[in-house]
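To keep things clear, I will list the structure first and then write my remarks on it.
The values are calculated or read from the model by the stated rules, or taken from the named source; none is laboratory data. Everything numeric in this text was worked out from a predicted model, so none of it was measured. Here the Cβ is made from the backbone with ideal geometry for all residues, glycine too, and neighbour counts use every protein chain on show.
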Amino acid sequence: MAKKIAILGPECTGKTTLANQLAEYFNGIWVPEYARTYVANLNARYTFADVEHIAKTQIEQISSANNLQNFVFFDTELILTKVWFEVVFKKEPPWLDEAIQHNSFDLYLLTDTSIPWQPDPVRENGGQMREFLFQKYEYYLRYYKFPYEIVNGIGEQRLHNAIQIIKRYFRLT
């Protein structure tokens, strides 16, 4: 059975890089962030319906990994989407809370904001918003009682820290 690990954190905290590197290191599978590609390909500002579509696709991705036999690293997950709904739309779909509880991961890696924020056409939340979002994600990880560790550092140190957390958590040598 797969060991599913979610990489969660504010924008520009190295989630994509980390998820990809960890999948390579542990000979696992990397599930890229669907939302980024989806939003980048829209010809207009995203809507509530767009974010709901993204959440449903995330659920499908999580479900499809259940029968795999190795590590699966998800570049984001439903808590991030929940906070996205809250911050942008001030509401969320009524089914989302239950979906979060039923699509949990073996471990969550919460990336801190030690990596400097760099703007791009899809990113919206630099500055103090990154710290606010970090706190929201940590709040929900505690609220749902999900197992998580905070990953800090920059570059190779960040990767090394994440590898050590995973080895310790899963008791790997």
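Pick from N161, N125: which is surrounded by 12 or more Cβ atoms within 10 Å (Cβ to Cβ) and more than 20 Å from T81 (Cβ to Cβ)? Being surrounded by 12 or more Cβ atoms within 10 Å (Cβ to Cβ) and more than 20 Å from T81 (Cβ to Cβ) holds for just one of N161, N125, which is N161.
Please state which one of E52, E24, E33 is of a type in the set (D, E, K, R) and out of contact with any helix residue (DSSP H, G or I) (no Cβ under 9 Å at 6 or more places or on another chain).
Details: E52 fails: out of contact with any helix residue (DSSP H, G or I) (no Cβ under 9 Å at 6 or more places or on another chain); E33 fails: out of contact with any helix residue (DSSP H, G or I) (no Cβ under 9 Å at 6 or more places or on another chain).
Result of the check over E52, E24, E33: E24.
Scanning the range 23-35 for any residue that is in contact with a Lys or Arg (Cβ under 6 Å, 6 or more places away or on another chain), in contact (Cβ under 8 Å) with a residue 12 or more places away in the chain and closer than 16 Å to I165 by Cβ turns up nothing.
What residue, among those in the range 59-71 that are closer than 15 Å to I29 by Cα and surrounded by 14 or more Cβ atoms within 10 Å (Cβ to Cβ), is modelled with the lowest pLDDT?
Step one: of the range 59-71, the residues closer than 15 Å to I29 by Cα are 61-71.
Subset that is surrounded by 14 or more Cβ atoms within 10 Å (Cβ to Cβ): 61-62, 65, 68, 71.
Details: Q61: 93, I62: 92, A65: 88, L68: 82, F71: 96.
By that ranking, first place goes to L68.
A Cβ distance below 6 Å, combined with a sequence gap of six or more or placement on separate chains, defines the contacts here; from the range 73-95, residues that are over 13 Å from V31 (Cβ atoms) reach residues that are exposed (fewer than 14 other Cβ atoms within 10 Å of the Cβ) in the pairs F89/F48. Out of (1) loosely packed, with under 12 Cβ neighbours inside 10 Å; (2) under 23 Å from F85 (Cα atoms); (3) not polar (S, T, N, Q), what's the single condition that is false for E156? Condition not satisfied by E156: (2).
Checking the condition of a type in the set (D, E) and either in contact with a Pro (Cβ under 9 Å, 6 or more places away or on another chain) or at pLDDT below 95 (or both), which residue from E11, E86 passes? Full working, then the answer.
Numbers: E86 fails: either in contact with a Pro (Cβ under 9 Å, 6 or more places away or on another chain) or at pLDDT below 95 (or both).
Only one candidate qualifies: E11.
Each residue in the range 128-153 was checked for being on the phi > 0 side of the Ramachandran plot and surrounded by 12 or more Cβ atoms within 10 Å (Cβ to Cβ), and 1 of them qualify.
So that you can scan it fast, the table gives a plain yes or no per residue for (1) within 30 Å of M1 (Cα to Cα); (2) out of contact with any Gly (no Cβ under 9 Å at 6 or more places or on another chain):
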{"site": "F74", "(1), (2)": "yes, yes"}
{"site": "T81", "(1), (2)": "yes, yes"}
{"site": "F89", "(1), (2)": "no, yes"}
{"site": "T113", "(1), (2)": "no, no"}
{"site": "Q118", "(1), (2)": "no, no"}
{"site": "E124", "(1), (2)": "no, yes"}
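Within the range 159-173, being farther than 19 Å from Y137 by Cα and part of a helix (DSSP H, G or I) holds for L159, H160, N161, I163, Q164, I166, K167, R168, Y169.
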